[in-house]
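**Q** Structure in structure tokens, see below.
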Amino acid sequence: MPRSALLAVLLLIPSPVVAAPSDELLHAVPPDASLVLLVRDARTHVHAILQSPFAAWFPTTTLGKQLLDSQEFKNLRDFAENALPTLKTTRQEVLDEVLGDAVAFAFTPGSIDGKTKEKAVILMRPRKPEVLAKIIASLNEIQTKDGELGDVIPRKHEGVAFVERQKAQGGSEFYCFHAGLFAFSTSENEIKVVIKRQLDLNKDQPAQLSSRMRDLDVEDAAVVLLINPRALDAEMKSNATTAKPVEKRFLERFAEVWSSLEFAAVYARPHSGLDIGISLRFDPAKLPAELKPWLLGTRGKVASHLIPKDALLGFAGHARATELIELFSSIAPIEEGKLGLKGWVNQSLGPVLGRTNLPRIMDSIGPNWAVWVEAASEESQWPTLMMVAEISGTAEERARTEKIIHQAVEFVFQRLRVSYNARHNDQIELKEGTQLADGTRIKTLVNDEGFPKGFQPSFALRHGYLVLSTSPGAIERFRPVAPVAIAEKHSKLATLSGAKTRDFLRTHRNGVARFLAGVGAGDENKLAESLDGLAAVLELVDSAELISRKIENGVQFELRIKPVKPLK
């Protein structure tokens, strides 16, 4: 078919309706697809990023130099420089007129038994359909001359034109323009389904996928991967059925939770920084009762205020020890003949805390806790690890509980000391520091000969918290601050200082690699290279935080990244 005739056919399309490009596109996407990847308003986001301080600075960074000097990047650049002129277009035109409004890819895998095949379709809402039609016509002409295409055949379905591209080596591809949208698939039926859905469209009703995105609170995200759990139920059940015994319990539990998941989304939202998250919505009636407080956002506020602002890395939570034990016991796999988590706690901690005391003690630890890493002090070659857990209860109950916990932790420290001393010539001592102003005495394991410089495992009960640290000085500095009364709708679960962590990795690279290799983490040289790679990534990051946010019948987890230079 002559190129000019094909172009004429492609341009015989109705004028696009006036609607948000992504909403218009989502009407045509199969609502029952397993996965739907949507990219929208790429034109605005890409141009803003390319003109940002980050884009100007990135080529000077370690990662930027590695990427721009890589053969893969050079090959991609050369391909674009050669291919696009051949298609009589430019990168600017492709972005602005073809891909800039909205693009979607819908995919459903074939059934496990092979009775149904996988389905896939690409949909675009080009700002100027005639530009995309011109590019495709040029591609058809080039591939026909090169012998890659046998023929390009116009077809119709319910009065709507579409095109079949017959490959010279067998097989066909299909595409159509209709109502301002472009659809492409290797399946003729998928193109016909898109056409039928557009013909039956009630434009006064929001697209089903648009409603899902609003329910998941991702309607303003630039990139969204929508997940339809029902399309993957059979695979989940099959994985649980065929799993090894040690994995079976966890996979069965996961399949149970999966069956209660109505829909989910992974998303990215660029602004001056970048937010990346996952949003989950459940059917409360199907969700296991013990998981509802964790997945429906009914738990209390996480104690992120415990983490110092100058910490390299920190994690915080709001849960009592009993609640964590119940949670992990309900999902953790149990090897046949082995103790589960509850059994291990009873067997290991029961004799130390007293079996009659154990339930009460476990319920008193929490709900506020935090773990963080502080920068290394001048006298240490390692950063300081801090772990704090609140001891709750009335004053009298807390005093009794603290006494038992103090005895138990001291017993564990003594056992570690004796076990080490029995196998090493260098010896550990358990020393008690001078009494602090509040009456606290910090107990510390000391071994100047065998321990790394500045490594002094310590513990104390201070300000209503059990405090464990690799430095007694850190315990002495510990002052739990009161939470700031800010009406935030989210809880902060973790924080990262990119600059401080990067500086530590660069300063102590060899020592960390040596230590990790010594505990069996891998080859020292390869570990050092991995640390260099991590430092290069962190060069781009000023800070990051992981938050959780309640949505209706679900929860959203979001990683908020603040780059060193703004993205926009």
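The values are calculated or read from the model by the stated rules, or taken from the named source; none is laboratory data. Bear in mind that the values here come from a model prediction, so they are computed numbers and not experimental data. All Cβ positions, glycine included, derive from the backbone under ideal geometry; neighbour counts span all protein chains shown. Each accessible area value is taken on the protein alone, full model and side chains, heavy atoms only, with ligands, DNA and RNA left out. Shrake-Rupley method; radii C 1.70, N 1.55, O 1.52, S 1.80 Å.
**Q** Taking the stretch 525-568 as the search range and keeping residues that are in a helix (DSSP H, G or I) and open to solvent by less than 40 Å² (accessible area, probe 1.4 Å), which one is nearest to residue 494 (Cα to Cα)?
**A** In this case the residue turns out to be 538.
**Q** Can you give me the number of residues within the stretch 122-146 that are touching a residue at least 40 places away in the same chain (Cβ under 8 Å), open to solvent by 30 Å² or more (accessible area, probe 1.4 Å) and farther than 12 Å from residue 102 by Cα?
**A** 5
**Q** Please list, ordered by first then second residue, the pairs with beta carbon atoms under 7 Å, 6 or more apart or interchain, first in the stretch 237-260 and under 16 Å from residue 291 (Cα atoms) and in a helix (DSSP H, G or I), second at pLDDT 80 or above and open to solvent by 90 Å² or more (accessible area, probe 1.4 Å).
**A** Close Cβ pairs (under 7 Å, with a partner that is at pLDDT 80 or above and open to solvent by 90 Å² or more (accessible area, probe 1.4 Å)) amount to 255/237; 259/286; 260/286.
**Q** For the stretch 123-138, indicate whether the set of residues that are within 28 Å of the chain's Cα centre (by Cα) and under 13 Å from residue 181 (Cα atoms) is non-empty.
**A** Within the stretch 123-138, one or more residues are within 28 Å of the chain's Cα centre (by Cα) and under 13 Å from residue 181 (Cα atoms).
**Q** Counting just the residues of the stretch 21-56 that are open to solvent by less than 20 Å² (accessible area, probe 1.4 Å) and part of a loop (DSSP other than H, G, I, E, B), which one comes out modelled with the highest pLDDT? Spell out how you get there, then give the answer.
**A** Of all residues in the stretch 21-56, those open to solvent by less than 20 Å² (accessible area, probe 1.4 Å) come to 22, 24-26, 28-30, 33-34, 36, 38, 42, 52.
Then keep just the ones that are part of a loop (DSSP other than H, G, I, E, B); that gives 29-30, 33-34, 52.
Details: 29: 90, 30: 87, 33: 91, 34: 92, 52: 96.
In this case the residue turns out to be 52.
**Q** Considering only residues that are outside any loop (DSSP other than H, G, I, E, B) and over 20 Å from residue 474 (Cα atoms), look in the stretch 420-446 and name the one that is most open to solvent (accessible area, probe 1.4 Å).
**A** 423
**Q** Being touching an Asp or Glu at 6+ places or on another chain (Cβ under 7 Å) and modelled with pLDDT of 85 or more is the filter; apply it to the stretch 200-214 and report the residue that is farthest from residue 252 (Cα to Cα).
**A** The extreme case among them is 210.
**Q** Before we move on, is residue 555 farther than 18 Å from residue 271 by Cβ, in contact with a strand residue (DSSP E or B) (Cβ under 8 Å, 6 or more places away or on another chain) and not hydroxyl-bearing (Ser, Thr, Tyr)?
**A** Details: farther than 18 Å from residue 271 by Cβ: yes; in contact with a strand residue (DSSP E or B) (Cβ under 8 Å, 6 or more places away or on another chain): yes; not hydroxyl-bearing (Ser, Thr, Tyr): yes.
Judged against the criteria, residue 555 is a match.
Each row is one residue, and each column tells you yes or no for (1) open to solvent by 60 Å² or more (accessible area, probe 1.4 Å); (2) of a type in the set (A, V, I, L, M, F, W, C); (3) modelled with pLDDT under 85.
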site	(1), (2), (3)
267	no, no, no
271	yes, no, no
274	no, yes, no
281	no, no, no
284	no, no, no
290	yes, no, yes
298	yes, no, yes
306	no, yes, no
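**Q** Please go through the stretch 449-477 and pick out each residue that is in a loop (DSSP other than H, G, I, E, B), touching a residue at least 24 places away in the same chain (Cβ under 8 Å) and open to solvent by less than 40 Å² (accessible area, probe 1.4 Å). Write out each step before concluding.
**A** As a first pass, look at the stretch 449-477 and keep what is in a loop (DSSP other than H, G, I, E, B): 449-457, 463-464, 470-471.
Next, only the ones that are touching a residue at least 24 places away in the same chain (Cβ under 8 Å) stay: 450, 452-455, 457, 463-464, 470-471.
Within the stretch 449-477, 450, 454, 457, 464, 470, 471 meet the criteria.
**Q** Can you name the condition, by its number, that residue 250 falls short on among (1) open to solvent by 60 Å² or more (accessible area, probe 1.4 Å); (2) modelled with pLDDT under 95; (3) out of contact with any helix residue (DSSP H, G or I) (no Cβ under 7 Å at 6 or more places or on another chain)?
**A** If we test residue 250 against (1) open to solvent by 60 Å² or more (accessible area, probe 1.4 Å); (2) modelled with pLDDT under 95; (3) out of contact with any helix residue (DSSP H, G or I) (no Cβ under 7 Å at 6 or more places or on another chain), just (3) comes out false.
**Q** Quick one: in the stretch 367-402, of everything that is of a type in the set (Gly, Ala, Ser) and assigned to a loop (DSSP other than H, G, I, E, B), which residue is modelled with the highest pLDDT?
**A** Ranking the qualifying residues of the stretch 367-402, first place goes to 392.
**Q** What are the residues in the stretch 253-265 that are open to solvent by 40 Å² or more (accessible area, probe 1.4 Å) and under 21 Å from residue 221 (Cα atoms), if any?
**A** If the condition is that a residue be open to solvent by 40 Å² or more (accessible area, probe 1.4 Å) and under 21 Å from residue 221 (Cα atoms), then 262 is the only one that fits.
**Q** For residues in the stretch 341-369 being under 30 Å from residue 491 (Cβ atoms) and of a type in the set (S, T, N, Q), which is surrounded by the most Cβ atoms within 10 Å (Cβ to Cβ)?
**A** Among those that are under 30 Å from residue 491 (Cβ atoms) and of a type in the set (S, T, N, Q), it is 368.
**Q** Right, another one. What are the residues in the stretch 311-366 that are farther than 18 Å from residue 250 by Cα, assigned to a helix (DSSP H, G or I) and among the polar types (S, T, N, Q), if any?
**A** Passing the criteria: 322, 346, 347, 348, 364.
**Q** Can you tell me which residue in the stretch 228-238 is farthest from residue 45 (Cα to Cα), limited to those that are open to solvent by less than 70 Å² (accessible area, probe 1.4 Å) and over 21 Å from the mean Cα position of the chain (by Cα)?
**A** That would be 238.
**Q** Can you tell me which condition residue 225 does not meet? The list is (1) in a strand (DSSP E or B); (2) open to solvent by less than 40 Å² (accessible area, probe 1.4 Å), and all the others hold.
**A** Condition not satisfied by residue 225: (2).
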